[in-house]
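After the C-alpha cells below, expect a handful of questions from me.
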Ligand SMILES: Nc1ncnc2c1ncn2[C@@H]1O[C@H](COP(=O)(O)OP(=O)(O)OP(=O)(O)O)[C@@H](O)[C@H]1O
Ligand SMILES: [Mg+2]
C-alpha cells in the first residue's frame, strides 16, 4: 500500500520546549489510521505540525509524494487536507449554516451532502440558523466534524472526535467515518476512547514522549495486551 | 434566539437620564444630536481599527495618522475649490465636498496599504514592537504633515449650504450635524451588511474569533487583514475629513487628539466588535456633549470615567469577542 502521508524525523519546538523528537510514521491511502498515546505524548502537536500550524524545525512531511513541510497552512488545506482541532474551534458568533458555508470553499454546500451530514448529525439541521456559540459541547463537536467533511477532502486529521459525545452520536460518527474511509477519504484520528479506536482503526501509530513508539495493524495491536499495557498503560480489553 | 441587547439600552438610558439634568427639552435635543454626530464621526474612524486588532491582534497606535491625513487632504481640496464652497448653491458646495472627501479616502487608504507593508508586517505577533513602531509612524507622519502643509493650523469654513441650523420651534439642529449622522449611519449599515451578508464579511468575523482556524480552512488571513487595514485607514480618512470640517480647523495634532477618543471607543465596545464600537462611539459622543454642557470643567475626564464604569460592568468591553 502506498502512503498518502508520511512523516520522517519530524522535530517540533514550541518556544523553548522541544516537543516532537523525530516523529516517523505513514498513513496508508484509503484507510483509517489511529494515532494513540498517553496524555502529553505529542498527538495534538503532531497534527498541528502536519497542518503547518506549528513549524517543523527538522524532518520532512510528505503528502501525496509532495513535500509540505514548509508550506503555509492555507496552501496545505487547499491540497485537500481538513483539520478538526481538539478545541473544535467552531466560530461561535457565526450560525451553524455560516460555519459550514465558510468551510465549503468551492461554493455553496452541496444539498445532497448536507442531507447526508444531517442524517448523521441531526442537531445541526435543527439549529441551522443558531449562532454556534449556543450549541452544547457535543453539538459543537458535530459541527467541527461536519465542517471538515462538508466537501470531499483527501485526508482528514481529526483530534479526539468522541470527546463529550453521547453513545448514540458516537455510533453515528463511526458510521460516518466508515463511509468516508471506504469512499473518498483517508483518515488520521487521535482518540482516547479505545473501544472506538479499535472498532474503526485499520492501522495504528502509538506515540510516547514525542516519538512514535509503535506502528502496525490495529488487529495485531488490539490482540497484544502486553504492548498496550506498555505503551498506553492499560489494556484495551479493560475499556470496552 | 438569544441576542445581547443590554448594551444597546445604554443609549436611551443615558439620553433619558440627561433630560432632567439638562432641563430644557430644546437644549437636550440640540445636545443629543450633537452627541450622535460626534459619536458617529468617531465610529467611522474607529471601525477599521477594532477589526484590524480583532483579526491579527495588531495594536496600531498610528491610526491617528490616517485621520490627520484625511483632514489635511480634504482641507486642501476644499481650499482649492473655495469659490464653490462659498457659492450659494447646494450643488456647487457638494461639487467641492465630494472630491475633497474622495481624495481624503483614497490617500488615506493608500497610505494605510504602505503603512501595513512597511511598518506593521515586520512586527506581526510582537505587541511591544507594534506599539513602538506604529507610535513612531504616527510621529513621523505628524512631522511630515508639518513639512508638507506648514506648521500653522489650517482654517476652513463649512460650505454655505451646511452652515446654520434647522429650526423646529425653539429647537435648533445644526445642519452639518445632521449630515454627519446620516453619513455615519450609512457607513454603519454598509459595514453591517458586508459583515453579515457577504462571504468576505463572514471570513472577517470568523477570523476575528479564530484566525488560525480560518487558515486551516484554506483561506489566507493575511490578505484579508491587508484589505481590512486599507479600508479601515480609508474610513479613518473619511472621518478625519468630516472632523476637520466640523471643527473648521485642521492641525497636525488632530490625529493624535481624536485617536484618544477612538481608543476609548474600541475598548468600551470590546476589541474586535464593530457593533460594540458603534454603541461605544455613541455613548462617548453623547457623554461628551451632555457633560460639556452640564459641567464643562470635568468634560475632559468624562470619557475616561465612562470607560472605567463600563469596564467595571464588562471587563472585556460591551461585546467581548469569543477568542479561540
Ligand atoms: N503551546 C504549548 N506550549 C508549551 N508546551 C506545549 C504547548 N502545547 C503542548 N505543549 C506540550 O507538548 C507536549 C505534547 O502536547 P500535546 O498536546 O501534543 O499532547 P497530546 O498527546 O495531544 O495530549 P492529550 O492526550 O492530553 O491531548 C505536552 O507536554 C504539552 O505540555
Ligand atoms: Mg491532544
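Readers should treat all values here as calculations from the given coordinates under stated rules, not as data from a laboratory. The structure presented is a predicted model; accordingly, all values stated were derived computationally and were not measured. Counting neighbours? That spans all protein chains shown, and the Cβs are built from the backbone with ideal geometry, glycine included.
Averaging sequence separations of C-alpha pairs under 8 Å and six or more residues apart, then dividing by the length of segment A:90-146, give the relative contact order as a whole percent.
On the way: 50 pairs, mean separation 30.1, N = 57.
Answer for segment A:90-146 is 53 percent.
Return the Rg/Rh value of segment A:1-142, two decimal places, where both radii are evaluated on C-alpha atoms and Rh is the Kirkwood radius. All intermediate terms of the calculation are to be shown ahead of the outcome.
On the way: Rg = 17.3 Å, Rh = 17.1 Å.
Ratio of gyration radius to Kirkwood radius: 1.01.
Something else about it: Which value results when the Cα radius of gyration for segment A:173-214 is divided by 2.2 N^0.38 Å? Before the final figure, lay out the partial values.
On the way: Rg = 11.6 Å, N = 42, 2.2 N^0.38 = 9.1 Å.
My calculation over the Cα atoms of segment A:173-214 gives 1.27.
D for segment A:90-146, whole µm²/s, Stokes-Einstein with Kirkwood Rh over alpha-carbon pairs at 4 °C and 1.567 mPa s: what number?
Numbers: Rh = 11.1 Å.
Translational D for this selection: 117 µm²/s.
Need one number: the % of Cα-Cα pairs in segment A:1-62 sitting beyond the 17 Å mark. It would help to have the intermediate numbers written out before the result.
Details: 695 of 1891 pairs.
Of all Cα-Cα pairs in segment A:1-62, 37 percent lie more than 17 Å apart.
With each pseudo-label sitting 7 Å past Cα toward Cβ, what's the residue B:196-residue B:305 distance in nm, one decimal?
Label-label distance for residue B:196 and residue B:305, simple model: 3.5 nm.
Can you sort A:194, A:118 by how many other beta carbons sit within 10 Å, fewest first?
With the sparsest Cβ surroundings first, the list reads A:118, A:194.
Please find, in a Gaussian network model of chain B (springs between Cα atoms separated by less than 10 Å), the residue of B:260, B:73, B:284 whose mean-square fluctuation is greatest.
Maximum fluctuation in the GNM of chain B, among the listed residues, is at B:260.
Given a 10 angstrom Cα cut-off, can you work out which residue in A:186, A:162, A:129 is the most mobile in a GNM of chain A?
A:129
I need the shape label for chain B. Rule: rounded when a/c is under 1.5, else prolate if a/b > b/c, else oblate, with a, b, c from the alpha carbon gyration tensor. Don't skip to the end; give the middle numbers.
Values: a/c = 1.69, a/b = 1.17, b/c = 1.45.
Note, shape of chain B comes out oblate.
Could you work out the helix-only [θ] at 222 nm for chain A, with each DSSP H run of four or more residues adding -39,500 (n - 2.57) and the total divided by the number of residues, to the nearest 500 deg cm²/dmol? Could the numbers behind the result be given before it?
Values: 10 runs with 87 residues, N = 240.
So the helix-based figure for chain A works out to -10000 deg cm²/dmol.
Inverting the mean 1/r over all pairs of different Cα atoms, compute the Kirkwood radius of chain A and quote it in Å.
Details: mean 1/r = 0.0550 Å⁻¹.
For chain A, the Kirkwood estimate is 18.2 Å.
Right, here's the next one. Would you order B:297, A:211, B:129 from fewest to most other beta-carbon atoms within 10 Å of each residue's own beta-carbon?
B:297, B:129, A:211
Then there is this: Within a 10 angstrom radius of the beta carbon, how do B:49, B:9 rank from fewest other beta carbons to most? Don't skip to the answer; put the middle values down first.
Numbers: B:49 28, B:9 10.
Ranked by crowding around the Cβ, least crowded first: B:9, B:49.
Can you give the convex hull volume of the alpha carbon atoms of segment B:212-324 per residue, in Å³? The partial results should precede the final answer.
Numbers: hull volume 13.0 nm³, N = 113.
Roughly 115 Å³ of hull volume per residue.
Under 8 Å for C-alpha pairs, at least 6 residues apart: give me the relative contact order for chain B, rounded to a whole percent.
On the way: 538 pairs, mean separation 115.1, N = 324.
RCO, chain B: 36 percent.
Okay, next question. Over the Cα atoms of segment B:75-208, compute the convex hull volume and normalise it per residue, giving Å³. Numbers along the way, then the final one.
On the way: hull volume 24.7 nm³, N = 134.
Convex hull volume per residue, Cα atoms: 184 Å³.
Further question on the same structure: Please average, across the residues of A:71-78, the number of beta carbons from any other chain that are within 10 Å of each residue's own beta carbon, and give a whole number. List each step's numbers first, then the result.
Numbers: counts 0, 3, 10, 10, 3, 3, 6, 4.
The shielding value for this peptide is 5.
Given the DSSP H assignment, sum -39500 (n - 2.57) over each helix run of at least 4 residues in chain B and divide by its residue total; what's the result at 222 nm in deg cm²/dmol, nearest 500? List each step's numbers first, then the result.
Details: 12 runs with 241 residues, N = 324.
It lands at -25500 deg cm²/dmol.
For segment B:91-163, what does the convex hull of the Cα positions come to per residue, in cubic angstrom?
Numbers: hull volume 9.0 nm³, N = 73.
Normalising the Cα hull of segment B:91-163 by residue number yields 123 Å³.
Can I ask one more? At a threshold of 8 angstrom on Cα-Cα distance, excluding pairs fewer than six apart, so keeping six or more, what relative contact order does segment A:38-185 reach in percent? Can you show the working numbers first?
On the way: 168 pairs, mean separation 38.8, N = 148.
Computed value for segment A:38-185: 26 percent relative contact order.
Quick one: Debye curve from the C-alpha atoms of the protein assembly as shown, no solvent, what's log10 I(q)/I(0) at q = 0.05, 0.06, 0.07, 0.08 Å⁻¹?
Debye output, listed in q order: -0.28, -0.40, -0.52, -0.65.
Something else: Please list, by residue number, everything in segment A:73-87 whose backbone N is under 14 Å from a paramagnetic label point 7 Å out along Cα→Cβ of residue A:113.
Flagged as within label range: A:78-83.
Extending each Cα 7 Å along its Cβ direction at residue B:106 and residue B:140, get the distance between those two points in nm, one decimal.
Between residue B:106 and residue B:140, the label points sit 2.5 nm apart.
Still on this model: Can you compute the FRET efficiency between residue B:248 and residue A:97 using 1/(1 + (r/R0)^6), with r the Cβ-Cβ distance and R0 = 45 Å? Round to the nearest 0.05. Please list the in-between numbers first.
Numbers: r = 49 Å, r/R0 = 1.09.
Between residue B:248 and residue A:97 the formula returns 0.40.
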